[in-house]
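Heads up, the thing below is written out as structure tokens.
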Amino acid sequence: MIKSDRWIRDKASMGMITPFSEGQVREGVISYGVSSYGYDMRIADEFKIFTNINTTIVDPKNFDPKSFVDFKGDICITPPNSFALGRSVEYFAIPRDILVICLGKSTYARCGIVVNVTPLEPEWEGHVTIEISNTTPLPAKIYAGEGIAQLLFLGGSEICEISYKDKAGKYQAQRGITLPRM
């Protein structure tokens, strides 16, 4: 069952989302905050922009951090047919009976920008590392401090048997942009 805005507000007051935006902020920005059945998270002002200057192979088992250029600022320009990593402004602490699915904002999707985030598992916590793919042949702007993706909170009918925290997941309590780990 998808959780309502009232449920999200109640859980946020208990530390599930920090900082938390009570309503939906829309004026002059790509919206963020509570929506009808979800929460629109923001992207922070720090990015890792993919570059192929070292002509390396992208290998998730042996990732070369030199494949990224670090950038901090209000607007990130993502190169054509490339991607950048960012992180959420918000820090999340997911309850044991909840699974969170993340979908990109339609404003970005309509510009050929795809946002990819894996599910936030029960009892996972941390900043969300966000992959932003520019599928267009042109540079694309990403606006820091504004909405980047919508989170949908799915409630289980039972508490999960083994949570992300129980299995000591490698991305537990991550802060900042976190690169692939083995």
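Here, each number is a calculation from the coordinates, and none is a lab measurement. Note that the coordinates shown come from a computational prediction; the quantities given were computed from them, not determined experimentally. Ideal geometry is used to build each Cβ from the backbone, glycine not excepted, and the neighbour counts take in all protein chains shown.
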- Item | Residue-by-residue Karplus 3J(HN,Hα) for region 74-79, coefficients 6.51, -1.76, 1.60, Hz, glycine and proline x | 6, 9, 9, 8, 8, x
- Task: Taking a cut-off of 20 Å between Cα atoms, list the aspartates and glutamates near residue 48, but don't count ones fewer than 8 places away on the same chain.
- Result: 59, 64, 70, 74, 90, 131, 146
- At 7 Å along the Cα-to-beta-carbon direction for both residue 74 and residue 10, put a label point, then send me their distance in nm to one decimal. 4.0
- Residue order, fewest to most surrounding Cβ atoms within 10 angstrom, among 82, 36: 36, 82
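DSSP loop trypsin sites (Lys or Arg not before Pro) in region 65-137 with at most 16 other Cβ atoms within 10 Å of their Cβ, which ones?
Hits after loop and neighbour filter: 96, 110.
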- If you build a Gaussian network model of the chain, linking Cα atoms that sit under 10 Å apart, which residue out of 75, 57, 159 swings the most? 57
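Just want the ordering: 35, 157, from fewest to most Cβ atoms lying within 10 Å of their own Cβ. Don't skip to the answer; put the middle values down first.
Working: 35 17, 157 6.
Exposure proxy ranking, most exposed first: 157, 35.
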- Message: Pairs of alpha-carbon atoms within less than 8 angstrom and 6+ residues apart define the contacts here; what relative contact order does region 25-182 have, in percent?
- Response: 31
- Query: Size of the dipole of the chain about the Cα centre, Lys and Arg at +1 and Asp and Glu at -1 on the beta carbon, nothing else charged, in debye to 20?
  - Reply: 240
- Query: From the residues 117, 75, 95, which one has its Cα farthest along the dipole of region 15-119 in the positive direction, the dipole being from +1 and -1 charges on Cβ of Lys/Arg and Asp/Glu about the Cα centre?
  - Reply: 117
- Item | Percent of Cα pairs exceeding the 30 Å cut-off, where the set is the chain | 19
- Message: Under 10 Å, Cα contacts only: if you run a Gaussian network model on the chain, which one of 156, 145, 86 comes out with the highest mean-square fluctuation?
- Response: 156
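What's the longest uninterrupted piece of the chain once you rule out the GluC sites (Glu not before Pro) that are loop residues per DSSP with at most 16 other Cβ within 10 Å?
Working: sites that count: 22, 27, 158, 161.
So the longest stretch without any such site is 28-157.
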